[in-house]
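Before any comments, here is the structure.
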Amino acid sequence: MRESLDPAAPPEPGDDRPIFIAAPSPPRDRVWLHVLLFVLTLISTTFVGALHYWSFRFGFNAANVTPVDFGAWSTYFPGFWYSATVLAILGCHEMGHYVACRYYGVDASLPYFLPFALPVPVFQTGTFGAVIRIRQRIPSKAALLDIGLAGPIAGFLVLVPALFAGMAMSTLDRVPEQWPPGTLELGEPILFRLASWLMVGPLPQGMTLNSHPMVTAAWFGLLATALNLLPMGQLDGGHVTYAVLGRRSSLITISTIIVALGLSISSINWRVWTALMMLMVFVMGPHHPPTLDDETPLDRKRLVLAGIGLVILVLCFTPFPIAELTGLGR
């Protein structure tokens, strides 16, 4: 048996044995880049987390609070309440995908964290999230479903205790006579409402929840999980939908965009996300790429797992994520 490293090398005279070409080495991750992006995201989320923390400390009725010295390093230390929670949720989400890829022998990159922060007083998350790059075809529908759901489930298992712990540290504040400029109302998914009811209880008349930064981080985790589980394209939810429905999932992708367009009419938040989804479909097409084995159907356990993914989507989804409160509070 001959082995050749040069695919252009001619066979030896009279040798009809098969020629095996050495497979190219998989690309190596530039670890320094992943570390750099993580550090930058840690800085941006800690900066944003400090803003969330001091907003929490001020409350809604703190008109005469001593100004915070944002030039002092110690001012930003409380930002770790937010940044550590956000990075844990995003990191576990992406590592869920990564570990599942490694389990199935699919080449994938380490997570890329995406920092983002603006020096302006608006609601910010400090990050665009995190992604991994899958560099090989998925071997089967079962593998596709497992890889697609491993991330949301891993992130969900982190954000749930963070949400409940943050609720326990939140406070009640009186509804102000008039909302301060820039006060935002965050949409409340079902899981958020459940955690509030269990940890805080029904809000007394004239009172509102002043959310701890850990709650804000968990809320962002809920939003990110819901958006990733939308059944379209090559989002996590699109992977699951293709694994279950095959080529029929293209109709679900188109239907999801139509629903998002409808939500965009009444919510400016959805206009940005809908534009990104349409761009994704324009670049990649409405059809999910097939796996290497599209013929083997999913077993019952994985259909149940797909159902769990749908439940997580319902628990995390809110149709109106962010709205500004203006005018009189009560």
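The values are calculated or read from the model by the stated rules, or taken from the named source; none is laboratory data. Fair warning: this is a prediction, and the values are worked out from it, not measured in the lab. Heads up, the Cβs are rebuilt from the backbone with ideal geometry, glycines too, and the neighbour counts pull from every protein chain shown.
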For segment 285-301, check the following and say yes or no: at least one residue is in contact (Cβ under 8 Å) with a residue 12 or more places away in the chain, surrounded by 13 or more Cβ atoms within 10 Å (Cβ to Cβ) and assigned to a helix (DSSP H, G or I). no
Odd one out for Thr291 among (1) in contact with a Lys or Arg (Cβ under 6 Å, 6 or more places away or on another chain); (2) under 30 Å from Trp81 (Cα atoms): (2)
Wholly enclosed helices (runs of 4 or more DSSP H) of segment 158-262 bearing at least 1 residues hydrophobic (A, V, I, L, M, F, W, C), surrounded by 15 or more Cβ atoms within 10 Å (Cβ to Cβ) and more than 21 Å from the chain's Cα centre (by Cα): 190-199, 236-245
From the set of residues in segment 133-181 that are hydrophobic (A, V, I, L, M, F, W, C) and touching a strand residue (DSSP E or B) at 6+ places or on another chain (Cβ under 6 Å), which is modelled with the lowest pLDDT? Val175
Checking the structure you have, find out if any residue of segment 106-118 is in a strand (DSSP E or B), surrounded by 20 or more Cβ atoms within 10 Å (Cβ to Cβ) and either in contact (Cβ under 8 Å) with a residue 40 or more places away in the chain or hydroxyl-bearing (Ser, Thr, Tyr) (or both). yes
Select from segment 76-114 the residues that are β-branched (Val, Ile, Thr) and more than 12 Å from the chain's Cα centre (by Cα) and write down the one among them that is nearest to Thr127 (Cα to Cα). Thr85
Counted residues, segment 233-257 - those being under 18 Å from Ile132 (Cα atoms) and either in contact with an Asp or Glu (Cβ under 8 Å, 6 or more places away or on another chain) or of a type outside the set (S, T, N, Q) (or both): 7
If you take the residues of segment 73-105 that are crowded, with 18+ Cβ neighbours inside 10 Å and β-branched (Val, Ile, Thr), which of them is farthest from Val215 (Cα to Cα)? Ile89
Can you name every residue in segment 133-151 that is surrounded by 21 or more Cβ atoms within 10 Å (Cβ to Cβ) and assigned to a loop (DSSP other than H, G, I, E, B)? Ile138
